[in-house]
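Have a look at the structure below, then the notes.
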Amino acid sequence: MNWKQGLMHGLLSAVTSSLAAIIYNGIYSKAFIVNFSAVLNVSGILFSSTLGCLLMAVSYIIFTRKWGIKAAGFMNIGFVAISFISILGIFNFHLPLDIESPELFPGLAIPMHFFPALGFLAFTPFFSYWRVNK
Amino acid sequence: MRKFRIAALGVVAFSALAFNTFNTQWKVDETNYSVKFSTAKFDGIFKGLKTNIVFDENNPSTARIEASIDAESINTGNGLRNKHARQGLETSKYPQIRFVSTSVSGRAGQFETTGKLTIKEVTKEIRFPFQFVRKRTTEGLFTGKFSIKPADYNVKKSGTPEEFTIQLNIPVKQ
């Protein structure tokens, strides 16, 4: 089992998706003149992206070891489904009352929920550890 | 002629003193006030408070309190809920919520006002206790709390909580 490759995959995806989220956050905040930094800031983005990408990497390593490349396919679908379902939480999210224009929050947070899965899936072809495990 | 001038000055001075004593005009500290509401399901705030407060704690019966708030400014911390609330209040058609006192009574910092609250052009009489604390000679703080039923004001959009408790915290200065 190639844990090194798997964790590299997770970390690279985490860095890329964090960077994308931070850039998007900056552009969005300037474009719409909003400030959601009390609930969505760089440390939060780094933490959640890293956690998400490492979880995906670990599950990839474990399940492809057991069931091979087909497991990767099912997991890809699972990652996308989980990302999609997680956006429901944003619609119910209660922002602090001193934050103005909460109606603009979903436009910022929803795309970010897809960044870790996007980053992870984009780099998957470069890490063929499930074939090694076969 | 000199006596007349002295008398006139006396009248002016007395009037000014009387005005200050019995008809103190207060202006809201616009950066620090809060008009909060809470329900069983969620809470929120209003902004855009405009007031005309004439109040002397030693002579509350002469007080007159007029206040309006921007209904569109409602913020529950959730964009979808804000939209729902604005639809319920029909803020584009009825942009303001107004209160005008008809009487004020009480003493020693504890007061009670009766007045007319208008929401969606439906006016109902309400009565609620409030407190006034003079912070310095020219600064004070009004606090108060009351409850209303949205249905009484024709706010009947589905999902609207049965009762809202409004909490006022209004620092003022002369």
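The values are calculated or read from the model by the stated rules, or taken from the named source; none is laboratory data. Predicted model only: the values in this text are computed from it and were never measured. Cβ placement follows ideal geometry from the backbone for every residue including glycine, while neighbour counts extend to all protein chains displayed. Please note that ligands, DNA and RNA were not included when accessible areas were found on the heavy atoms of the full protein model with its side chains. Shrake-Rupley method; radii C 1.70, N 1.55, O 1.52, S 1.80 Å.
A compact table of results
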| read-out | value |
| --- | --- |
| Residue within the range A:34-42 that is polar (S, T, N, Q), away from every other protein chain (no Cβ under 14 Å), open to solvent by 80 Å² or more (accessible area, probe 1.4 Å) and not in a helix (DSSP H, G or I) present | yes |
| Residues (closer than 17 Å to A:P125 by Cα, surrounded by 14 or more Cβ atoms within 10 Å (Cβ to Cβ) and of a type outside the set (F, W, Y)) located in the range A:69-79 | A:A71, A:A72, A:M75, A:N76 |
| Looking only at the range A:82-96, and only at residues there that are over 20 Å from the mean Cα position of the chain (by Cα) and open to solvent by 40 Å² or more (accessible area, probe 1.4 Å), the one that is farthest from the other protein chains (Cβ to nearest Cβ) | A:P96 |
| Any hit, the range B:62-74, residues being surrounded by 16 or more Cβ atoms within 10 Å (Cβ to Cβ) and among the hydroxyl-bearing types (S, T, Y) | yes |
| Residue under evaluation B:K47, criteria (1) open to solvent by 50 Å² or more (accessible area, probe 1.4 Å); (2) more than 14 Å from chain A (Cβ to nearest Cβ); (3) under 23 Å from B:Q174 (Cα atoms), criterion not met | (2) |
| Residue match in the range B:81-89 (condition: open to solvent by less than 60 Å² (accessible area, probe 1.4 Å), modelled with pLDDT under 95, in contact with a strand residue (DSSP E or B) (Cβ under 8 Å, 6 or more places away or on another chain) and away from chain A (no Cβ under 14 Å)) | yes |
| Check on B:F99, open to solvent by less than 20 Å² (accessible area, probe 1.4 Å), in contact (Cβ under 8 Å) with a residue 12 or more places away in the chain and not hydroxyl-bearing (S, T, Y) | no |
| Qualifying position, being free of Cβ contacts under 8 Å to residues at least 60 places away in the same chain and touching a Lys or Arg at 6+ places or on another chain (Cβ under 8 Å), among B:F111, B:F128 | B:F128 |
